[in-house]
Amino acid sequence: MAAVLDSVRAFFAPSTFTIDLENAGDVVARENLLDRAMGAGRTKKSSEKLRRGRVPAEGLALVARDRSGHVIGTVRLWNIEAGVDRETHPVDALLLGPLAVDPAHEGKGIGSALMRAAIMEAKKLGHGAILLVGDASYYERFGFFAEKARHLVMPGPFERRRFLALELKDGWLEGAVGLLVASGRQLTRPPVRRAA
């Protein structure tokens, strides 16, 4: 991970922000940032159905920090099954989202740096494809296209033209068809202590 993050830092102005792995201390800052950047309706999206009650894919929850260490950007990837292949085997993939940058820091390349770091790390970890729901005009620059997701569907309402995929391994989604299903680790809650 360090090599990937170092190469992203070298490409983007490292004196302005850094990309780092998310840690437990970032939870409140991340959630507040998402509320500011995406609004209250963000938890009602179809993508949220795949994330609810799950933890992000191992090593694929990243944050951007300003010089003071405050979280100013976030991206997370989640383990999913992207339908089944021709032999009805589940197709392992990742779902990206949400990607968000604090509105006060937009236009500084933070979103692009987070995307590039997430894609490079997912590829390094051996994943075959990433799917997302977002604006094609933004995500096509990273290699995401609707054509690659044409035979797949989200669990709930979604706009087909905004459902995009990137193959990290050539042909990974070829023949994949069906519904996206969450497959990542479930969120475990700490045991509740009861008064004696």
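Count, please, the residues in segment 106-134 that happen to be more than 14 Å from the chain's Cα centre (by Cα) and either modelled with pLDDT under 95 or closer than 23 Å to VAL71 by Cα (or both).
Selection size over segment 106-134: 5.
So for segment 66-81 (the condition being crowded, with 17+ Cβ neighbours inside 10 Å and more than 22 Å from ASN23 (Cβ to Cβ)), does at least one residue qualify?
Yes: segment 66-81 contains one or more residues that are crowded, with 17+ Cβ neighbours inside 10 Å and more than 22 Å from ASN23 (Cβ to Cβ).
The rows are residues; the columns are (1) buried (at least 20 other Cβ atoms within 10 Å of the Cβ); (2) within 15 Å of LEU94 (Cα to Cα).
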{"site": "SER112", "(1), (2)": "no, no"}
{"site": "LEU131", "(1), (2)": "yes, yes"}
{"site": "TYR138", "(1), (2)": "no, no"}
{"site": "ARG161", "(1), (2)": "no, no"}
{"site": "LEU173", "(1), (2)": "yes, yes"}
{"site": "ALA182", "(1), (2)": "no, yes"}
{"site": "ARG185", "(1), (2)": "no, yes"}
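So which of LYS45, LYS49, LYS108 is over 29 Å from PRO157 (Cα atoms) and touching a residue at least 24 places away in the same chain (Cβ under 8 Å)?
Testing whether each residue is over 29 Å from PRO157 (Cα atoms) and touching a residue at least 24 places away in the same chain (Cβ under 8 Å) leaves just LYS108.
Pick out the one residue from GLU140, GLU147 that is free of Cβ contacts under 8 Å to residues at least 40 places away in the same chain, among the acidic types (Asp, Glu), within 25 Å of GLU87 (Cβ to Cβ) and in contact with a strand residue (DSSP E or B) (Cβ under 9 Å, 6 or more places away or on another chain).
Answer to the check: GLU147.
If we only count strands (runs of 3 or more DSSP E) wholly inside segment 87-196, which ones have 1 or more residues that are on the phi > 0 side of the Ramachandran plot?
In segment 87-196, the matching strands (runs of 3 or more DSSP E) lie at 177-182.
Name the single residue, out of those in segment 82-96 being touching a strand residue (DSSP E or B) at 6+ places or on another chain (Cβ under 8 Å) and surrounded by fewer than 21 Cβ atoms within 10 Å (Cβ to Cβ), that is modelled with the lowest pLDDT.
Residue satisfying both the conditions and the ranking: ASP85.
State all residues of segment 16-71 that are under 13 Å from the mean Cα position of the chain (by Cα) and either assigned to a loop (DSSP other than H, G, I, E, B) or farther than 21 Å from LEU94 by Cβ (or both); if no residue qualifies, say none.
Hits for segment 16-71 are GLU22, VAL55, PRO56, ALA57, GLU58, GLY59, LEU60.
Just checking, does segment 72-84 include any residue being on the phi > 0 side of the Ramachandran plot, over 14 Å from the mean Cα position of the chain (by Cα) and touching a residue at least 40 places away in the same chain (Cβ under 8 Å)?
yes
The values are calculated or read from the model by the stated rules, or taken from the named source; none is laboratory data. Only a predicted model underlies this, so the values are computations on that prediction, with no experimental measurement involved. Virtual Cβ from ideal backbone geometry, glycine too; neighbours counted across all protein chains shown.
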